[in-house]
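Here the structure is laid out as structure tokens; the discussion comes afterwards.
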Amino acid sequence: MPEEKIISFEQPVLRGTLQVPGDKSISHRAVMLGSIAKGKTSITGFLDGEDCLSTISMFQQLGVSITREGTAVQVDSPGIAGWKTPAEKLDAGNSGTTARLMLGILAGSSVTSTMCGDQYLTKRPMKRVTAPLALMGAAITNEAQKDYLPLTVQGSKLQAIDYQMPVASAQVKSAVLLAGLQAEGETTVTETDVSRDHTERMLRQFGAKLSQDGKTIRIKGRQQLTGTDVVVPGDISSAAFFMVAAAMTADSDVSFEKVGLNPTRTGILDVLEAMGVQMELSDEQGFDGERYGTVRIRHSKLKATEIGGELIPRLIDELPVLALLATQAEGRTVIKDAQELRVKETDRIEAVAAELRKLGANIETTPDGMIISGPTQLHGATLASYGDHRLGMMAAVSGLITDGPVHIDDPSCIAISYPQFFEDLESLVNV
Ligand code: S3P
């Protein structure tokens, strides 16, 4: 990708159908569980973005055979007990999901390894994972004794815990559940608000038994996983950029096929509906595992809304692009209870506000969110990506409604979750 990308369309209209790339969260988990399991796992619809490729290389270093042809991945594993100690550091790149889930998995394995990450990931908090893992008896250390990468994990025998989560985070929940899978006894995790449940669904798919009572999940340790076939639906968090683009760009009408509709991820659809977006759902399938279907979005007159509470974990990654949409809505949109945005790939509260202000948006930040008043005519500007894929895509989509070109500095990070983003954008505009 070039070092700068210019978005400049003459009265764009988005039309047509789109199948966005595979879900990032599900792609990571498919490789992880396929590698913990003994035997063969076949994955279709895998996301070939940089984050998921980091997960694949880690397991290859641990001695798991993984081959990939585009979006088809074959895993053949000796099982977690057969992993070998890697010769080099395990590099999670920019991927928080890789780092946090792997800490939980490696803690109960029989190998010793050191995990590192890029300049952004090494600044993201790992204590939220290392603290519960320490309670289970995990041996995780850092030369400087801090809770940031690089961290050395010495696989050890773990004990089950009952864990009350302090934050709504699927990464933390998953790390504890995956450590619990190797531990002695039954681990329970209780959430504050329900976060994405892909780990729980996929553990069942690989033959593990879990039980759930409200916001508490229980998993017995020492269960064996069996390799299986996984079909990854399209990532609703990637589709979100074009859903917002269609909703705010005059005359647009776009259908998203085979997009993931897991109810723990569809907060964006609830918000679009509340903002007055014309939407139709059809072809819903896959009710036992990961639900998916077609979502049609048409340009609509938008009204402001309030986004907070239990909705937040169901749309946490969509908040940057929803903030952009709110600049086009009549009234005051309030985003609250979203302090987690401050510890994402970048501080997404300050970064989103700074970039949208460059376009002329009326936006205030609060400790846990943003307040956006609209509608506002946005103007062209040069926007920074902060090395954050979702900031880069938000910037690109803003260029559809500005009265001048939008330049995006360092768009290459978009390949982290959506390598063909610009091709898909071109394919929808003015067909
Ligand atoms: C993810 C969980 C979320 C999300 C991230 C992916 C996952 O992070 O923001 O993009 O796959 O478990 P948190 O667990 O920090 O909320």
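Read the figures in this text as sums done on the coordinates, not as results from a lab. If you're wondering where the values come from, they're calculated on a predicted model, not measured in any experiment. Quick reminder, even Gly has a Cβ in these numbers, built from the backbone with ideal geometry, and neighbours come from all protein chains shown.
Considering the chain as a Gaussian network with a 10 Å cut-off on Cα pairs, which listed residue, Ser65, Ser417, Ser195, attains the greatest mean-square fluctuation? Largest GNM mean-square fluctuation: Ser65. Using a simple spin-label model with pseudo-atoms 7 Å out from Cα toward Cβ, Asp229 and Thr366 lie 4.9 nm apart. When the pairs Lys5/Lys146; Lys40/Lys123; Lys127/Lys157; Lys24/Lys358; Lys24/Lys215; Lys5/Lys301 are compared against a 32 Å limit on Cα-Cα distance, Lys5/Lys146; Lys40/Lys123 fall above it.
Net charge dipole, the chain: roughly 1340 debye, given to the nearest 20, about the Cα centre with Cβ charges of +1 for Lys and Arg and -1 for Asp and Glu. Can you compute log10 of I(q)/I(0) for the stretch 3-82 with the Debye formula, treating each Cα as one identical point scatterer, at q = 0.11, 0.12, 0.15 Å⁻¹? The computed values of log10 I(q)/I(0) come out as -0.39, -0.44, -0.58. Computed from Cα atoms, the angle from the helix 96-107 axis to the main principal axis of the chain rounds to 10 degrees.
Express in nm, to one decimal, how much length is gained between Gln74 and Gln159 on full extension, taking 0.36 nm for each residue of separation and deducting their alpha carbon distance.
Numbers: separation 85, 0.36 × 85 = 30.60 nm, distance 3.22 nm.
Length difference between fully extended and current span is 27.4 nm.
Remark: the Asn142-Glu350 segment gains 71.9 nm on full extension, using 0.36 nm per residue and subtracting the alpha carbon distance.
Comparing His299, Val73, Ala395 along the charge dipole axis of the chain, the residue lying farthest to the positive side is Val73, per the Cβ-charge model. Mean-square fluctuations from a GNM of the chain, with a 10 angstrom spring cutoff on Cα atoms, peak among Asp118, Asp91, Asp213 at Asp213. What FRET efficiency do you get for Lys84 and Ser282 if R0 is 41 Å and r is their Cβ-Cβ distance, rounded to the nearest 0.05? Between Lys84 and Ser282 the formula returns 0.30.
About the centre of its Cα atoms, the stretch 68-178 shows a dipole size close to 260 debye [charges on the beta carbon of Lys, Arg (+1) and Asp, Glu (-1) only; nearest 20 debye]. Treating only the Cβ of Lys, Arg, Asp and Glu as charged (+1, +1, -1, -1), what charge dipole size does the stretch 241-359 show about its Cα centre? Round to the nearest 20 debye. Computed charge dipole of the stretch 241-359: roughly 420 debye.
Taking only the alpha-carbon atoms of the stretch 73-167, what semi-axes of the equivalent ellipsoid follow from 5 times the gyration tensor eigenvalues under a square root, in whole Å, largest first?
Numbers: eigenvalues 77, 64, 35 Å².
Semi-axes, largest first: 20, 18, 13 Å.
The three principal axes of the Cα atoms in the stretch 315-431 give end-to-end lengths of 37, 29, 22 Å, sorted in falling order.
For the stretch 286-363, what is one quarter of the convex hull surface built on the Cα atoms, given in nm²?
Values: hull surface 27.2 nm².
That works out to 6.8 nm².
Taken over the stretch 326-384, the convex hull of the Cα atoms encloses 64 Å³ per residue. Using only alpha-carbon positions in the chain, the gyration tensor eigenvalues give semi-axes of 36, 22, 21 Å once each is multiplied by 5 and square-rooted (largest first). For the chain, the longest principal axis of the Cα atoms and the long axis of helix 24-36 meet at an angle of about 10 degrees.
Above 18 angstrom, tally the Cα pairs of the stretch 126-255 and express them as a % of all pairs, no decimals. If you can, show how the numbers build up before the last one.
Values: 5191 of 8385 pairs.
Pairs farther apart than 18 Å: 62 percent.
With the convex hull of the Cα atoms taken as the outline of the stretch 120-195, the averaged projected area works out to 5.0 nm².
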